[in-house]
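A.B. asks: First the structure, then my questions, so here it is.
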Amino acid sequence: MPAFELLPGASDSPVLLHVPHSARAIPRDVRDGILLDEAALERELDHITDAHTAELAGRAAGAAGKAPWRFVNRLSRLVVDPERFPDEREEMLAVGMGAVYTRTTHRAELRPADTDPRPLVERYFRPYAEAMTRAVAGRLAATGRAVIVDVHSYPARALPYELHGDGPRPPVCLGTDPFHTPPKLLAAAREAFAGCGGTGLDSPFAGTYVPLAYYGTDPRVEALMIELRRDTYMDEPGGPAGPGLDRLAAALATLVDALWPGPAENAAATPVGGP
């Protein structure tokens, strides 16, 4: 199994669905460095995995009028978390959950605290980041813009690792970046997910993923995080998907269709709004 996969969409689509946390696979040699027994590891994977989000993105891609591109992580975030900063900028280091986790969702020991993260960063994190950067570059070269829609899920009740778990937990949380999330993109997402129980902004999770090569410097790269509350589409913590998955996939397809062709044409069709 590859560590990640870029699934092509329409050649003239600027949209890239990014699915970083949907997988449970852990290579055997990486598993050997994790302290949990098999039962505890399965429970942790239930809590930490954004279950069914790759399937949801696939359904949305199939339903959209113009298929988006998809970049899907095929390994668990317990191998590396590709959305963390790989250095001291990462606030989740405070709870042992930087690019390489040493603590679990319940703050138990996952790896020894003195684990050197560099081998896993070099083996998995950097190739992932480079491939995602190339994927964005491909959309820019083909269409003049790239729109990253970061597809996640989160539990109905806060887990102990969450640094900002005291705020609202809406059915759909929209994570934004002040540079990369323009008002029209946010308005399109609110419109698309209006029938999914309500949307909120940057709570309990804020921000969105942009490759560092473009972060804060290239306005042609737009980005938005979609965080779906798990009880709206599955049995928590790690159970099967229910009918809510179809509704959310249809909403994501609606968002994808609202994000092309280009900003000028979109402006006439997409409601203008703001945070």
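The values are calculated or read from the model by the stated rules, or taken from the named source; none is laboratory data. Since this is a predicted model, take the numbers as computed values, not measurements. Every residue, glycine among them, receives a Cβ derived from its backbone with ideal geometry; neighbour counts consider all protein chains shown. Ligands, DNA and RNA are stripped out before the accessible areas are found, and what is left, the full protein with its side chains, is counted by its heavy atoms. Shrake-Rupley method; radii C 1.70, N 1.55, O 1.52, S 1.80 Å.
A.B. asks: Looking at His152, His164, can you tell me which residue is open to solvent by 30 Å² or more (accessible area, probe 1.4 Å), touching a Ser or Thr at 6+ places or on another chain (Cβ under 8 Å) and either without any contact (Cβ under 8 Å) to a residue 60 or more places away in the chain or of a type outside the set (Asp, Glu) (or both)?
C.D. replies: After ruling out the rest, the residue left standing is His164.
A.B. asks: Sticking with this one: Given the condition open to solvent by less than 40 Å² (accessible area, probe 1.4 Å), of a type in the set (A, V, I, L, M) and over 21 Å from Pro155 (Cβ atoms), answer yes or no: does some residue in the stretch 95-102 qualify?
C.D. replies: There is at least one residue in the stretch 95-102 that is open to solvent by less than 40 Å² (accessible area, probe 1.4 Å), of a type in the set (A, V, I, L, M) and over 21 Å from Pro155 (Cβ atoms).
A.B. asks: Of the conditions (1) open to solvent by 10 Å² or more (accessible area, probe 1.4 Å); (2) of a type outside the set (Phe, Trp, Tyr); (3) on the phi < 0 side of the Ramachandran plot, Arg107 satisfies every one except a single condition; which number is it?
C.D. replies: For Arg107, the exception is condition (3).
A.B. asks: Which condition does Leu255 not pass, out of (1) under 24 Å from Met132 (Cα atoms); (2) surrounded by fewer than 17 Cβ atoms within 10 Å (Cβ to Cβ), if it passes all the others?
C.D. replies: (2)
A.B. asks: Follow-up question, since we're still on this one. Among the residues of the stretch 229-248, how many are surrounded by fewer than 22 Cβ atoms within 10 Å (Cβ to Cβ), touching a helix residue (DSSP H, G or I) at 6+ places or on another chain (Cβ under 7 Å) and either among the β-branched types (Val, Ile, Thr) or part of a helix (DSSP H, G or I) (or both)?
C.D. replies: Here the count works out to 3.
A.B. asks: Does Arg107 meet the test of being outside any helix (DSSP H, G or I), of a type in the set (Lys, Arg) and in contact with a Pro (Cβ under 9 Å, 6 or more places away or on another chain)? Spell out the reasoning first.
C.D. replies: Numbers: outside any helix (DSSP H, G or I): yes; of a type in the set (Lys, Arg): yes; in contact with a Pro (Cβ under 9 Å, 6 or more places away or on another chain): yes.
Taking the combined requirement at face value, the residue satisfies it.
A.B. asks: Looking at (1) more than 21 Å from Tyr161 (Cβ to Cβ); (2) crowded, with 19+ Cβ neighbours inside 10 Å; (3) of a type in the set (Ser, Thr, Tyr), find the lone condition where Thr49 falls short.
C.D. replies: Just one mismatch for Thr49, condition (1).
A.B. asks: Within the group Ala113, Ala60, Ala99, which residue is assigned to a loop (DSSP other than H, G, I, E, B) and under 19 Å from the mean Cα position of the chain (by Cα)?
C.D. replies: Selected residue: Ala99, the only one of Ala113, Ala60, Ala99 that is assigned to a loop (DSSP other than H, G, I, E, B) and under 19 Å from the mean Cα position of the chain (by Cα).
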